[in-house]
Amino acid sequence: MSGKDERVWLITVIEVVAREFQAKLLLACMAAEAGYGAILGRPQGASWMKYLPRGIFLDKAINNKRPERFRAYRRLGNEITAWDEEGLMFYSPDVYHERVSVEALEQVRYFFCWGEMQADAVLAKAPDAAEKVVVTGNPRFDLLRPEFRGLFAVKAEQLRQTHGLYLLVNTNFGTANHFYKTPAEMLDSLKRVGEVNTEASESSYRDQGEYESTMFRHFLAMLPILSRAFPEHRIIVRPHPAENQQTWREATAGLPNVRIIHEGPVAPWMMAAKAVIHNNCTTGVEAFLLERPVFAYCPISSKQFDYILPNALSHQASDAEGLCEALHAHLSGRGNGQLAPDRPEIARKYIQSIDGPLATEQILAALQQIDVQPQPFERSAWQKVDRLVTEAWPTTRQFLARTVKGGVGAAYTRQKFPSLTLAEVEAAVAELHQVSGRFAELQVRQVDKHLFQIYQN
């Protein structure tokens with residue numbers, strides 16, 4: 001792209017490729033089609049923002065880590081917007097308030113909510129932010145609508161050919177089975193950044209950790225029963241991106257039809273599965289939106305720690321035998337007679353844009369209300385030298401993370417963000433074009449190892 005080619009830039013970062021890439025790419029493509037330039041990916045180095053053109057930055061959270069970061073980005077000349085990537089479900093508004101920084105909200109132009117439930121929770125803590133809180137839905141769920149499901153059809157058929165008949169077990173035990181932190185270490189981390197900052201919140205976190213650990217043990221005990229009950233099926237366990245997959249492999253080593261696999265987006269895996277099993281997991285909502293048979297395994301329950309939404313959208317089983325019985329009934333064509341008839345109404349309380357205008361369209365309409373001056377994308381000679389100097393030597397903290405901890409932090413990052421190549425981004429844009437008939441004129445340019453421009457000439 002020529003340095004003289006000026007446009008308004010939308011900048012967004014991907015943390016977990018499997019979870020976020022395709023949805024944020026859809027937003028980037030729609031923005032580029034509207035005349036913006038989009039920059040997305042995973043930047044390298046701490047000072048990456050100063051090498052990018054000024055524009056609209058879209059962040060993934062508004063927690064207590066954000067205020068100083070937002071102020072720094074604004075000093076560079078950027079406007080700030082955000083959504084909460086993990087804000088769809090929460091135990092109660094009071095608990096969700098720990099994820100909301102009023103100071104961070106003061107720095108943003110718009111905060112995009114999954115639905116009315118989240119918006120109400122945010123405004124209960126920050127009533128003065130009413131003009132900033134916009135209920136739009138999230139692009140992740142746009143991709144599950146009928147008009148975009150074709151994105152996953154080829155991969156789903158490949159999975160059927162590779163794995164045959166299978167049941168998909170999605171897990172959500174990022175505290176009880178974290179990649180490398182104990183629950184106590186995770187609590188210390190949250191206290192350091194202020195997300196747990198009262199005796200009550202610390203006590204609640206400990207109780208939640210105990211509850212999740214108990215549920216985790218129930219899932220480990222359920223898998224041998226499921227394996228024996230469905231010997232003609234493969235049982236595929238897909239751990240949460242934050243989990244230690246080796247724990248699952250060791251626990252299921254003696255089960256011949258169980259596999260531990262976390263590859264690519266979850267949607268094609270759910271489309272190809274004969275049934276989806278979860279507890280308290282966003283994938284229960286995604287399976288419902290994909291119109292797939294979905295089962296919540298609920299051997300214990302808690303009014304304090306159970307999410308209402310995913311379990312309410314699923315057939316619920318309170319023990320492993322009941323789960324197997326319900327699965328047999330489904331697979332034999334007898335159906336799920338115990339499903340709540342008001343599931344669509346329950347879903348609409350939490351999710352905007354199940355139908356009607358796409359969440360992506362509503363977000364873009366809000367972005368177009370922000371007055372930002374067009375900028376070229378170029379680096380001056382001093383910026384290139386400054387980057388070499390500042391990024392060539394790691395800080396003491398980075399050095400310790402890479403050496404003293406044996407690289408475990410880097411391995412955790414690779415699990416969430418294994419790679420992203422120019423060919424993969426170009427192929428994903430081509431798939432969006434094939435499904436939607438749009439985006440044929442878009443260009444992709446790599447500007448850093450995992451950072452890309454999307455724009456229209």
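From the list Pro256, Pro224, the lone residue that is out of contact with any strand residue (DSSP E or B) (no Cβ under 7 Å at 6 or more places or on another chain), touching a residue at least 24 places away in the same chain (Cβ under 8 Å), farther than 23 Å from Gln316 by Cβ and surrounded by fewer than 19 Cβ atoms within 10 Å (Cβ to Cβ) is Pro256.
Looking at this structure, is Ala130 at pLDDT 95 or above, over 22 Å from Gln362 (Cβ atoms) and among the hydrophobic types (A, V, I, L, M, F, W, C)? For Ala130, the condition - at pLDDT 95 or above, over 22 Å from Gln362 (Cβ atoms) and among the hydrophobic types (A, V, I, L, M, F, W, C) - is not met. Of the candidates Lys65, Lys24, Lys50, the single residue that is open to solvent by 30 Å² or more (accessible area, probe 1.4 Å) and within 19 Å of the chain's Cα centre (by Cα) is Lys65.
Where helices (runs of 4 or more DSSP H) fall entirely within segment 38-152, none has at least 2 residues that are in contact with a Cys (Cβ under 6 Å, 6 or more places away or on another chain). Scanning segment 95-110 for residues that are aliphatic (A, V, I, L, M) and free of Cβ contacts under 8 Å to residues at least 40 places away in the same chain turns up Val100, Val102. For segment 434-457, the set of residues classified as polar (S, T, N, Q) and either touching a Leu at 6+ places or on another chain (Cβ under 6 Å) or surrounded by fewer than 18 Cβ atoms within 10 Å (Cβ to Cβ) (or both) consists of Gln434, Ser436, Gln443, Gln446, Gln456, Asn457, listed by residue number. Of all residue pairs spaced 6 or more apart or on separate chains, those with beta-carbon atoms under 6 Å, a first member in segment 355-370 that is farther than 19 Å from Asp59 by Cβ and a second member that is open to solvent by less than 50 Å² (accessible area, probe 1.4 Å) and charged (D, E, K, R) are Leu358/Asp142.
If the condition is being within 19 Å of Ala267 (Cβ to Cβ) and open to solvent by 10 Å² or more (accessible area, probe 1.4 Å), then segment 8-21 contributes Glu15, Val17, Ala18, Arg19, Phe21. Only one of the numbered conditions (1) modelled with pLDDT under 95; (2) buried (at least 18 other Cβ atoms within 10 Å of the Cβ); (3) closer than 21 Å to Asn78 by Cα is violated by Phe417, and that is (3). Under the condition of being out of contact with any strand residue (DSSP E or B) (no Cβ under 7 Å at 6 or more places or on another chain) and modelled with pLDDT under 90, the residues counted in segment 1-58 number 11. Looking at segment 162-182 only, could you name the residues that are over 16 Å from Val258 (Cβ atoms) and surrounded by fewer than 17 Cβ atoms within 10 Å (Cβ to Cβ)? Selection gives Tyr180, Thr182. Which residues, counting only those in segment 123-143, are open to solvent by less than 10 Å² (accessible area, probe 1.4 Å) and among the charged types (D, E, K, R)? Selection gives Asp142 alone.
If you check Arg259, Arg292, Arg334, Arg343 for being closer than 19 Å to Arg228 by Cα and among the basic types (Lys, Arg), only one passes: Arg259. Taken together, the residues in segment 295-305 that are surrounded by 19 or more Cβ atoms within 10 Å (Cβ to Cβ) and not aromatic (Phe, Trp, Tyr) amount to 2. The single residue among Arg292, Arg234 that is touching a strand residue (DSSP E or B) at 6+ places or on another chain (Cβ under 7 Å), under 28 Å from Arg414 (Cα atoms) and open to solvent by 10 Å² or more (accessible area, probe 1.4 Å) turns out to be Arg234.
The values are calculated or read from the model by the stated rules, or taken from the named source; none is laboratory data. Note that this is a predicted model, so its numbers are computed, not measured. Don't worry about glycine lacking a Cβ; one is built from the backbone with ideal geometry, like all the others, and counts go over all protein chains shown. Remember, those area values only see protein heavy atoms, side chains included, never the ligands or the DNA or RNA. Shrake-Rupley method; radii C 1.70, N 1.55, O 1.52, S 1.80 Å.
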